[in-house]
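Only one structure is covered here, and it is reproduced in the block below.
The values are calculated or read from the model by the stated rules, or taken from the named source; none is laboratory data. Values in this document were obtained by computation on a predicted structure and should not be read as measured data. Because the Cβ atoms are built from the backbone with ideal geometry, glycine has one as well, and the counts that use them run over all protein chains shown. Just the protein is used for accessible areas: all its heavy atoms, side chains included, with ligands, DNA and RNA removed. Shrake-Rupley method; radii C 1.70, N 1.55, O 1.52, S 1.80 Å.
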Amino acid sequence: LAARLAKALGLPGLRPAAVDAARNKHTTRACLKLAGLPTPRNFLITEEGKLQEAAQVVGFPAVLKPVSGAASLGVKKVTNPMEMGRCYKEIVDELSTLIVSSGALVQGSPENKGQNAKQSGVDLTVLMEQFLDGPEVDVDVVMSEGEHRYACVSDNGPTLEPYFNETWACCPSLLPKDKQVALRDLAVECIKALGFTSGVFHVECKYTSHGPHLIEVNARMGGGQVHECNRLTWGVCLVEETLNCALGIPSRPLVPREPVSGTAYCYVNAGKSGTVTDMSKLEDLLKRENVVWAKPLTKVGAKAVGPADGLPTWLCDLFVRGKTAKDALDYLQAIEKENPVVVAA
């Protein structure tokens with residue numbers, strides 16, 4: 001909508017065609033293939049009758065995901081045809097409950113009210129893709145006048161399969177420099193292949209056993225902790241850079257040679273299903289040095305879902321600093337082991 005309004009009003013902004021290509025994962029793959037960039041095997045499943053053909057084209061292991069989505073909603077790993085059939089039905093059922101609330105795609109519930117996602121024009125067709133192994137990263141990129149002016153690579157911890165729920169992240173990346181450079185270069189080339197020349201982008205990639213691969217390009221600043229992560233690690237404000245791009249001001253962020261500090265953050269996933277009984281430790285965490293925040297994402301008395309029973313519930317949002325990314329990550333994981341939000345079966 002913002003891209004189309006900018007075009008209609010003659011204002012600086014992202015090209016609508018490029019935004020559409022980025023929002024549709026199947027179209028993204030087609031653009032990458034056309035540009036000669038690494039592209040995993042994929043198949044668009046328009047109906048249940050296409051499952052067998054999709055399995056033959058893509059093979060196993062694979063990932064089922066909506067062509068348009070966010071926060072790993074409706075994303076599952078499958079390892080055989082029987083599992084694929086079951087998960088496809090689960091995903092279609094889950095997608096039917098999604099709503100658009102405050103511009104975000106979320107699961108509908110008494111607390112989350114909004115317009116049905118499909119009725120809002122969100123394409124919820126399921127895409128099957130070759131499973132990509134290896135470590136996952138985020139690459140936050142600022143583009144201006146056709147070139148990248150800033151690119152920050154952050155590590156993502158292993159996701160909770162089969163739902164791909166996020167676990168932790170740290171910045172800057174702990175991967176070898178050559179792999180970081182390869183991932184950064186791929187992210188930038190993918191942005192260009194989609195037709196973008198300026199803007200702020202949150203790009204998700206993996207360094208697989210056969211080189212760097214794209215997961216997706218988000219044509220916006222990353223959500224959650226991403227703004228604070230870049231600001232505290234490199235001193236770059238992505239909100240400011242977004243405003244520069246929106247105003248047509250060339251972007252040239254001042255980036256230090258070395259990071260200002262290391263950062264790490266996570267959404268704490270419920271380890272088991274049950275009821276939230278105690279959250280008092282979060283207040284105590286805020287008093288500790290180098291804890292940036294400890295935000296509750298649930299409340300006492302609420303039900304929590306563990307990975308054995310479905311998409312895990314996020315219990316709290318933790319963000320810490322350290323002298324290095326490794327220091328910050330070690331500190332974060334030590335806090336997480338303290339079980340800051342208690343769930344009783």
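Numerical summary
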| read-out | value |
| --- | --- |
| Qualifying residue in region 268-281 (condition: open to solvent by 70 Å² or more (accessible area, probe 1.4 Å) and of a type in the set (Lys, Arg)) | yes |
| Strands (runs of 3 or more DSSP E) wholly inside region 136-185 that include at least 3 residues being in contact with a strand residue (DSSP E or B) (Cβ under 6 Å, 6 or more places away or on another chain) and either acidic (Asp, Glu) or more than 27 Å from Leu64 (Cβ to Cβ) (or both) | 136-144, 147-156 |
| Close pairs (9 angstrom Cβ cut-off, 6 or more residues apart or separate chains): at pLDDT below 95 in region 33-56, assigned to a loop (DSSP other than H, G, I, E, B) and open to solvent by less than 70 Å² (accessible area, probe 1.4 Å) anywhere | Thr46/Thr125 |
| Those residues of region 326-341 which are of a type in the set (A, V, I, L, M, F, W, C) and either surrounded by 16 or more Cβ atoms within 10 Å (Cβ to Cβ) or at pLDDT below 95 (or both), in sequence order | Ala328, Leu329, Leu332, Ile335, Val341 |
| Count - residues of region 31-67 that are in a helix (DSSP H, G or I) and either open to solvent by less than 10 Å² (accessible area, probe 1.4 Å) or within 29 Å of Glu189 (Cβ to Cβ) (or both) | 7 |
| Sole residue being surrounded by fewer than 24 Cβ atoms within 10 Å (Cβ to Cβ) and hydrophobic (A, V, I, L, M, F, W, C), chosen from Leu175, Leu183 | Leu175 |
| Unique match (being of a type in the set (S, T, N, Q) and open to solvent by less than 10 Å² (accessible area, probe 1.4 Å)) among Thr233, Thr242 | Thr233 |
| Residue within region 204-216 that is of a type in the set (Phe, Trp, Tyr) and under 23 Å from Pro61 (Cα atoms) present | yes |
